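Inspection log for the structure reproduced underneath, given as structure tokens.
The values are calculated or read from the model by the stated rules, or taken from the named source; none is laboratory data. These numbers were taken from a predicted model, which means no experiment stands behind them. Methodologically, a virtual Cβ is constructed for each residue, glycine included, from the backbone with ideal geometry; neighbour enumeration extends over all protein chains shown. SASA here: full protein model, heavy atoms, side chains in, ligands and nucleic acids out. Shrake-Rupley method; radii C 1.70, N 1.55, O 1.52, S 1.80 Å.
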Amino acid sequence: MTTPFDMADPATLGFDAGRLDRLSAFLQSSYVDTGKLPMTQLVVARDGQPVYYDRQGRMGEGREDLRDDAIFRIASMTKPLTSVAFMQLVEQCKIALEDPVTKVLPEFADLKIYAGGGGSVPFAPGQPAGPIRFVDLMTHMSGLTYGLQNRTNIDSIYREHNLDFARSRHDSDGFIKILADLPLEFAPGQGWNYSVATDVLGVCVERLSGLRLGEYFQQHIFGPLGITDTAFGIAEGQGDRLVDAYQYVPGKPPAKIDGGPDSKLTQDGRFDSGGGGLCGTITDYHRFTTMLLNGGELEGARILSPKTLRLMRTNHLPGGADLTEMSSSLFSESNNAGTGFGLGFAMVIDPAQTLMPSSVGEFYWGGAYSTAFFVDPVEAITMVFMTQVYPSSTYPIRRQIKTLIYSALTDSRA
């Protein structure tokens, strides 16, 4: 098999190669051969050096075998990048985490807390919400929501306005204007709900920098890191590299919902979704995770300081709580037990409660099409997994991959 990585010998970095090979066999027999996933791509690294790479399946229906340089919709794996971008501006003292978002978004000056109504009934006038701070956006404690939560009348109105999928429907100012007229689910800082908060954060990056979010990423993250194939949308002539996207259908093979070459992602979008709009390759995201493992630096390019990154990957939930105590979400990209949340990442705060091998301080996130990554600073291990089936709650594949990786580790640094 070809590989886009310069591979290291697993044994020299504390892995059993035979046990790592279980990953390929498992993915093939449990997911690709059974038709549950159309394709899989995985890289595992230690100390930034790849020790395992595997790709299986096809680019999509009637298409060629999965390419090493395939482009995937990484969805909510965009969120850590937007969070890094915002923290770059914090480092420059252009803004502070404790500042109210009205400093950048005056539209949010009169937010109210939900008090009833919705659907065919107007929202009841609620109590003033109090200020959302930037830290509330980054920790998903803002009171905002996602239409995909599908629990409340507020979620319903988000779906009506297509706020979860704004790329072709709203520009940044229009997106904020709609949100400003809707009630919050709870007072800022009083709960945790996975939401469009990182999209809002991306608009803040745009207003603070004077750049569209994709341009900011290119100048301040992608360019310095040598990330060449990740963007909001697909460049002209690159549609053949975009995999087909699928949706889970109970009892049936996944249904194709978006092609590669004929995807609307090959057309310009109105909105750069900081919460879920990027498309990119496994090699690009590996470079991003290696920068995170290195404390904000890669090959001489300093993206963030180690102390800033440490602040981001520290649990910010009140009283050291985990998500079982704080979350009202029907859906998020994390487990709840033993899991805290920082500034753009979930992290393991109690490995025993997660019921799987892990390290204290390991941080991670995933995307709605079942993509995932984690960074373990204790063991210096990173993982990036790509596939394309929505939603990510369909299969326990993230837990399974993580279990197989740690079962292959022979030299623990814990």
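If each DSSP helix of 4+ residues adds -39,500 (n - 2.57) and the sum is divided by the residues in the chain, what number results at 222 nm, nearest 500 deg cm²/dmol?
On the way: 13 runs with 101 residues, N = 414.
Mean residue ellipticity, 222 nm, calculated: -6500 deg cm²/dmol.
Pick out, from Ile157, Met7, Gly214, the residue whose Cα sits farthest towards the positive end of the charge dipole of the chain, with +1 on the Cβ of Lys and Arg and -1 on the Cβ of Asp and Glu.
Ile157
Roughly how tilted is helix 397-407, in degrees to the nearest 10 and between 0 and 90, from the longest Cα axis of the chain?
Once rounded, the angle reads 50 degrees.
Just how large is the dipole of segment 189-317 about the Cα centre, in debye to the nearest 20, putting +1 at every Lys and Arg Cβ and -1 at every Asp and Glu Cβ?
540 debye
Relative to the present Cα-Cα distance, how much length would full extension add between Ala321 and Glu98 at 0.36 nm per residue of separation? Let's see the in-between values first.
Numbers: separation 223, 0.36 × 223 = 80.28 nm, distance 2.01 nm.
That pair, Ala321 and Glu98, stretches by 78.3 nm at full extension.
Say R0 is 60 Å: what FRET efficiency, to the nearest 0.05, do Ala301 and Gln127 get from their beta-carbon distance? Write down the numbers at each step before the final one.
Details: r = 47 Å, r/R0 = 0.78.
Once the sixth-power term is evaluated, E becomes 0.80.
With the full set of protein chains in place, find how many percent of the accessible area of the chain is carbon and sulfur; take the probe as 1.4 Å.
Carbon and sulfur: 49 percent of the exposed surface of the chain.
Rounding to the nearest 10 and keeping the result within 0 to 90°, find how far the Cα-based axis of helix 282-293 lies from the longest principal axis of the chain.
So the helix axis and the longest Cα principal axis differ by about 70 degrees.
Quick check: residue separation of Ala235 and Thr152 times 0.36 nm, minus the Cα distance between them. What number comes out in nm?
Gain on extension, Ala235 to Thr152, equals 26.1 nm.
Connecting C-alpha atoms closer than 10 Å in a GNM of the chain, tell me which of Gly361, Gly280, Gly300 has the biggest fluctuation.
The residue that fluctuates most here is Gly300.
If you place +1 on the Cβ of every Lys and Arg and -1 on the Cβ of every Asp and Glu, how big does the dipole about the Cα centre of the chain come out, in debye to the nearest 20?
480 debye
What shape does segment 48-105 take by its C-alpha gyration tensor, where a ≥ b ≥ c are the square roots of the eigenvalues and a/c under 1.5 counts as rounded, a/b above b/c as prolate, and the rest as oblate? Mind showing how you got there, number by number?
Numbers: a/c = 5.29, a/b = 2.46, b/c = 2.15.
In terms of gyration-tensor shape, prolate.
Which value, in Å to one decimal place, does the Kirkwood hydrodynamic radius take for segment 123-239 when every pair of different Cα atoms is included?
After inverting the mean inverse Cα-Cα distance, the result is 15.7 Å.
Pop out the ³J(HN,Hα) list for segment 108-114 in order, Karplus 6.51 cos²θ - 1.76 cosθ + 1.60 with θ = phi - 60°, rounded to Hz; leave Gly and Pro as x.
My calculation for segment 108-114 gives 8, 5, 10, 5, 10, 8, 3 Hz in order.
Where does helix 197-209 land angle-wise versus the long Cα axis of the chain, in degrees 0 to 90, nearest 10?
80 degrees
Write down the radius of gyration of the chain and its Dmax, each obtained from C-alpha positions, in Å.
20.5, 65
Provide the convex hull volume over Cα atoms per residue for segment 202-264, in Å³. Write down the numbers at each step before the final one.
Details: hull volume 8.1 nm³, N = 63.
Cα-based convex hull of segment 202-264, divided per residue, equals 128 Å³.
Which of these, Ala321, Ala11, Ala75, has the largest mean-square fluctuation under a Gaussian network model of the chain (Cα springs below 10 Å)?
Ala11
What does the charge count around Ile227 come to, taking other residues whose C-beta lies under 11 Å from its C-beta (Lys +1, Arg +1, Asp -1, Glu -1)?
Local net charge: -1.
Fully extended, how many nm does the chain gain between Leu311 and Asn162 (0.36 nm per residue separation, minus their Cα-Cα distance)?
On the way: separation 149, 0.36 × 149 = 53.64 nm, distance 3.29 nm.
Additional length available on full extension: 50.4 nm.
Which residue, Gly202, Leu225, Thr283, has the largest displacement toward the positive end of the dipole of the chain when charges sit on each Cβ (Lys, Arg +1; Asp, Glu -1)?
Projecting each Cα onto the dipole axis, the largest value belongs to Gly202.
With a 10 Å cut-off between alpha carbons and a GNM built on the chain, which of Val84, Val378, Val200 moves the most?
Val378
Check each of the trypsin sites (Lys or Arg not before Pro) in segment 331-414 and keep only those in coil by DSSP with at most 15 other C-beta atoms within 10 angstrom; list them in order.
Arg413
Highest mean first, how do 40-47, 24-31, 310-317 rank when packing is the count of other Cβ atoms within 10 Å averaged over residues?
Output ranking for 40-47, 24-31, 310-317: 40-47, 310-317, 24-31.
Distance in nm between label sites at Gln353 and Lys112, each 7 Å beyond Cα in the beta-carbon direction?
3.6 nm
Which residue, chosen from Gly296, Gly239, His316, occupies the Cα position most advanced towards the positive end of the dipole of segment 224-327, where the dipole is computed from +1 (Lys, Arg) and -1 (Asp, Glu) charges on Cβ about the Cα centre?
His316
Using the basic label-point model (7 angstrom from Cα toward the beta carbon), what is the Gln190 to Ser393 distance in nanometres?
Roughly 2.5 nm, to one decimal.
With viscosity set to 1.002 mPa s at 20 °C, what whole-number translational diffusion coefficient in µm²/s follows for segment 1-52 from Stokes-Einstein and a Kirkwood radius over Cα pairs? Could the numbers behind the result be given before it?
Details: Rh = 12.1 Å.
This corresponds to a translational diffusion coefficient of 178 µm²/s.
Charges at C-beta only: +1 for Lys and Arg, -1 for Asp and Glu. How large is the resulting dipole of segment 249-383 about its Cα centre, in Debye rounded to 20?
The calculated dipole for segment 249-383 is roughly 180 debye.
Shape call for segment 9-115 from the C-alpha gyration tensor, a ≥ b ≥ c root eigenvalues: rounded (a/c under 1.5), prolate (a/b greater than b/c) or oblate?
Because a/c hits 1.5 or more and a/b exceeds b/c, segment 9-115 counts as prolate.
By the gyration tensor of its Cα atoms, with a ≥ b ≥ c the square roots of the eigenvalues, what is the shape of segment 182-308: rounded for a/c under 1.5, prolate for a/b over b/c, or oblate? All intermediate terms of the calculation are to be shown ahead of the outcome.
On the way: a/c = 1.60, a/b = 1.13, b/c = 1.41.
In terms of gyration-tensor shape, oblate.
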